[in-house]
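Asks: Just passing along the structure, written as structure tokens.
The values are calculated or read from the model by the stated rules, or taken from the named source; none is laboratory data. The model shown is predicted, which means the values in this text are computed figures rather than measured ones. Here the Cβ is made from the backbone with ideal geometry for all residues, glycine too, and neighbour counts use every protein chain on show. SASA here: full protein model, heavy atoms, side chains in, ligands and nucleic acids out. Shrake-Rupley method; radii C 1.70, N 1.55, O 1.52, S 1.80 Å.
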Amino acid sequence: MKKTLFFLLITTISFAQIDKIEPPFWYSDMNLSEVQVMFYGKNIAQNEVSVSSGLVIKGVQKTENPNYVFVTIDTKNVAAQDFVFTFKNKKKSFTQNYSLKARKENSRFRKGYDSSDLIYLIMSDRFANGNPNNDSTNETNEKADRTKIDGRHGGDIEGIIKNLDYIKDLGATAVWPTPLCEDNDNRGSYHGYGQSDVYKIDSRFGSNEDYLRLSSELHQRGMKNIMDYVTNHWGYKHWMMNDLPTYDWIHQFPGYGQTNYKMTTQFDTNASVADTKMCMDGWFVKSMPDLNQSNPLVLKYLTQNAIWWIEYADLDGFRVDTYSYCDKEGISKWTKAITDEYPYFNIAGEVWFYNQANIAYWQKDSKIAAIQNYNSYLPSVMDFTLQGAINGGVFNENKPNWNTGMVKIYENFSNDFLYPNSNNMLVFAENHDTDRFNNIYKNDFQKYQMAMTLIATVRGIPQIYYGSEIGMAGSKSLGDGDIRHDFPGGWNGDTNNAFTNAGRNDEQQKFHDFSSKLFNWRKNKTVIHNGKTTHYIPENNVYVYFRYNDTESVMVVINNNSEKQTFKTNRFKENTSNYKTGMDVLTGKSIDLKNDIEIEGTSVLILELK
């Protein structure tokens, strides 16, 4: 008798067969009301599924893998509450609780980052170690070792939170940390782009609750939280890779197949089918299996995951990694679903081209893409042509020429007619994948001033890379780790603490003082955020442009000539006729606009016109 009772207890245990539920919960009053809940557990597909009253099951999808079942529920007009799923077969039944949670008030109308913001990009593992106790954890493979340039160094969410005031004081209004979800690769996991669990913050960075606290701390300071989201691939250690829901959950050849990186095949009318397929379906690297966004189950999974994070962590925007490597129709649906749910949310896609038409193709409502009846619905793209000119050494081209120096910058903006919304583009001199600006220009402070003045005063959303504001440098030729050094002062025992005025050396202070002055000035200048632009063909390697609206005008002069230059102001009378003087933002000096203007070699003027 006792043996029979023991057997019955085992077969009716309620949690024995479910190892994963994703999303772990959902929200009421969502535009996306038909939710696909994935249940994972040994032979779970052998069961019939029902749910307690109040919810309606719209469909149950089983795959060739009996360990998965995808249950679509209809949450429309269903209030926040708890429900119970019942799984039943001929031998046993068990139950699983599930919750609909209340949304934050006005969550749908959250305002994303825009041209009024300055984004501070952080390599999360390399910024600051706020909690040394989580540098290595039992549940993750790679342990901390700061002696390895490509190892885990211990930067974490707590380190970011502890230094938010430093970032705010610099003039930044939004923070973009590189991915924080779990990346359990055996090595090189510090960058976070090979994710192994997209519903869980990596324990070496902290916890899900820590990430919520980061959002809260940012919002208390009037700042924004941008998540670095990856739609194209996961890491080879993702928990699904040992037991895929379907064979075509990832692209298989079978197994690994390398992308050709030729993103132009996505719209090239002359491209072969084979080349186009290898661009979209090939793996970015061997350790990153390529997700199949054309599989409806995958697309729904990625869409829900993104929306779940926005709602759960109260996010203000996404930056999407390797956007243009995805299945173009799938990523368009993914993007539209998110912006339908949150019409004022911003998403910037990494579309890494050095051609304006190629970049413009990927922005929402592109007339170029419309030729092929395509719309990505992507609000923001990254101005890689501008970054390419800067990264290519434009500020070293200091002799007047027809096609070098500031002419390259001028021609970049002369192509703005190609973009549906040129003011919703990320403008940047560098990021976590490029040579450091201060390496290219050998820590030349004057050239740093020119580049940051440009980034801070042109149309678009400026993004700066952590540490450049104190002169940090690094060469990609020495490996990615060299462009992702630890921020000095972020670790216990650092002899140089560049987070504080007292801790900076003279060189760091010089860079920081200029950066802080420039970026804090920009913070309150609506004429820079949303004003119109008029620019003039560079003469003698001097580039002059105006940002203006109905009430204000700012004149920017960048002299990329190594010699002092003098120029007559009557050339710019269409922009200066209503003004008498210009006050230099950086020095406080007043300049008479009726006279010739003199500017030192390799220098800038930012003039508020009076």
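Asks: Which of (1) of a type in the set (V, I, T); (2) open to solvent by 10 Å² or more (accessible area, probe 1.4 Å); (3) in contact with a Pro (Cβ under 8 Å, 6 or more places away or on another chain) is the odd one out, the single condition V427 does not satisfy?
Replies: All conditions are met except number (2).
Asks: Kindly evaluate A498 against the criterion of being within 23 Å of E430 (Cα to Cα), open to solvent by 30 Å² or more (accessible area, probe 1.4 Å), in contact with a Lys or Arg (Cβ under 6 Å, 6 or more places away or on another chain) and not in a helix (DSSP H, G or I).
Replies: Judged against the criteria, A498 is not a match.
Asks: Counting only residues that are within 30 Å of N501 (Cα to Cα), give me the strands (runs of 3 or more DSSP E) lying completely in the range 69-186 with at least 2 of them.
Replies: Filter on the range 69-186 gives 119-122, 174-177.
Asks: Something else: On the given criteria, is Y301 at pLDDT 95 or above, on the phi < 0 side of the Ramachandran plot, open to solvent by 10 Å² or more (accessible area, probe 1.4 Å) and not acidic (D, E)?
Replies: The answer is no for Y301.
Asks: Then there is this: Is it the case that the range 36-49 has a residue that's touching a strand residue (DSSP E or B) at 6+ places or on another chain (Cβ under 7 Å), in contact (Cβ under 8 Å) with a residue 24 or more places away in the chain, more than 23 Å from V198 (Cβ to Cβ) and open to solvent by less than 80 Å² (accessible area, probe 1.4 Å)?
Replies: yes
Asks: Output the residues belonging to the range 545-573 that are of a type in the set (K, R) and modelled with pLDDT under 95.
Replies: K568
Asks: Here is a follow-up. For the range 408-421, which positions are assigned to a loop (DSSP other than H, G, I, E, B) and within 23 Å of the chain's Cα centre (by Cα)?
Replies: Result: Y419, P420, N421.
Asks: Only one residue in T72, T86 is β-branched (V, I, T), under 33 Å from the mean Cα position of the chain (by Cα) and either surrounded by fewer than 17 Cβ atoms within 10 Å (Cβ to Cβ) or modelled with pLDDT under 95 (or both). Which one?
Replies: T72
Asks: Still on this model: Looking only at the range 493-521, which residues are of a type in the set (D, E) and either touching a helix residue (DSSP H, G or I) at 6+ places or on another chain (Cβ under 7 Å) or without any contact (Cβ under 8 Å) to a residue 12 or more places away in the chain (or both)?
Replies: Residues satisfying the conditions are D494, D506, D513.
Asks: Check the range 124-142 and report whether any residue there is over 21 Å from P177 (Cβ atoms) and either crowded, with 17+ Cβ neighbours inside 10 Å or within 26 Å of the chain's Cα centre (by Cα) (or both).
Replies: yes
Asks: Before we move on, is T259 under 27 Å from the mean Cα position of the chain (by Cα), farther than 25 Å from L297 by Cα and surrounded by 16 or more Cβ atoms within 10 Å (Cβ to Cβ)?
Replies: No, not satisfied.
Asks: While we're here: Give the range 534-583 a look and list any residue that's free of Cβ contacts under 8 Å to residues at least 60 places away in the same chain, of a type in the set (V, I, T), assigned to a strand (DSSP E or B) and open to solvent by less than 60 Å² (accessible area, probe 1.4 Å), or say none.
Replies: Scanning the range 534-583 gives T534, V544, V557, T581.
Asks: Let me ask something else about it. Within the range 422-439, is there a residue that is more than 30 Å from N561 (Cα to Cα), of a type in the set (S, T, N, Q), assigned to a helix (DSSP H, G or I) and in contact (Cβ under 8 Å) with a residue 24 or more places away in the chain?
Replies: Yes, the conditions are met somewhere in the range 422-439.
Asks: Can you tell me which residue within the range 345-392, out of those that are surrounded by fewer than 18 Cβ atoms within 10 Å (Cβ to Cβ) and in contact with a Phe, Trp or Tyr (Cβ under 8 Å, 6 or more places away or on another chain), is farthest from Y465 (Cα to Cα)?
Replies: Checking each candidate, the answer is Q372.
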